[in-house]
Structures are given as structure tokens and as C-alpha cells.
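Step one of this worksheet: look at the structure below.
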Amino acid sequence: MPQGLPQPIAEAAKRFVTAWASHDARPGKDRDYSDAADRAAAEATADFAARLRAKTGSAGAHQWQQWQTNRTRVTTDFTRTTVPDGAPAPTTDTAYVRVLYTRTTAPEHAEPVASPQQVALRLERGTDGRWRAAGMPNA
């Protein structure tokens, strides 16, 4: 049976996923695919933020071109957050979280497409007491 998560942990996971998985290829919005990584880095530990900003790839560039052509907006709608199967329960400074959400891809002149998604995260609580994403264990 999935374990519940304390609200600060669940909210931190949602903030990170919202930033990481949302894109807006309409004119005047995101400049490119990496804007999402930049937003997500603000919700991440320093080490993970550096890795997010350093990742580049042709798959993201190709996806971005398609979205830009179609003036697409990608949004997230959360289903639930839980402790992943087999992961330890949250401690005072570390938590593993599975975030289940629906990603909606909405081109300007086409019907939106919704698809279920999930991602596993490792979160750490900083010395300031704030929870931040510290990694994606399966990525």
C-alpha cells in the first residue's frame, strides 16, 4: 500500500515537476526546450540544478521545433504523489517521491492530447528547511 507524504515534500515535488515538464512554444513565451530545465533548476539542489542546465540533446531540439511550429503549450495536472514501491519512507532530510500526473499537449490549431506520466524523484531538505529535487533515480 502506498505511503502518504508530508505536504511540504509533496508540494516540493509538484513544484519541480511543474517547472520541468511544462513548456510554452507560443510566440513570446519560452525561448527553447531548455527553459523548462532552467525553471526546474530553481526547485533543485545546486548539484542537480547544474546537471539539469548542462543536459542538451537532439531529441529535445526536435521536439521543440515541432512544438514551435504548432505553437504548442504543454501543461501538467497532478494525479497524486506517493513513495515509490520499494523506496524507504521519508526521513527528516531525504525523501523519494513518485509523481503521477497528466501531461496535456495543446497545439494552437488542434485538439489537446492528454497522456498519463510519472517520474521518480529524490528530494533533500536544505539547511534552510526547504525541500528541493536532488535527482531522478531512474534517469
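The values are calculated or read from the model by the stated rules, or taken from the named source; none is laboratory data. Being a predicted model, the structure only gives us computed values, none of them experimental. Glycine gets a Cβ as well: all are built from the backbone with ideal geometry, and neighbour counts include every protein chain shown. We work out accessible area using only protein heavy atoms, side chains counted, and drop any ligands, DNA or RNA first. Shrake-Rupley method; radii C 1.70, N 1.55, O 1.52, S 1.80 Å.
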Members of the range 3-29 found to be modelled with pLDDT of 95 or more, open to solvent by less than 60 Å² (accessible area, probe 1.4 Å) and in a loop (DSSP other than H, G, I, E, B), listed by number = S22, A25
Any idea which of (1) over 14 Å from the mean Cα position of the chain (by Cα); (2) within 17 Å of A133 (Cβ to Cβ); (3) hydrophobic (A, V, I, L, M, F, W, C) is the one W64 doesn't satisfy?
-> (2)
Of the residues in the range 99-124, those that are assigned to a strand (DSSP E or B) and in contact (Cβ under 8 Å) with a residue 60 or more places away in the chain come to V99, Y101, R103, Q117, V119, L121, L123, E124
Which numbered condition trips up A36, out of (1) at pLDDT 95 or above; (2) open to solvent by less than 50 Å² (accessible area, probe 1.4 Å)?
-> (1)
Give just the number: which of (1) in contact with a helix residue (DSSP H, G or I) (Cβ under 6 Å, 6 or more places away or on another chain); (2) surrounded by 19 or more Cβ atoms within 10 Å (Cβ to Cβ); (3) closer than 25 Å to R31 by Cα does P107 not satisfy?
-> (2)
Identity of the residue in the range 43-85, outside any helix (DSSP H, G or I) and open to solvent by 90 Å² or more (accessible area, probe 1.4 Å), that ends up modelled with the lowest pLDDT = T56
Subset of the range 125-139, residues open to solvent by less than 80 Å² (accessible area, probe 1.4 Å), more than 15 Å from P6 (Cβ to Cβ) and in a loop (DSSP other than H, G, I, E, B), comes to G126, M136, P137
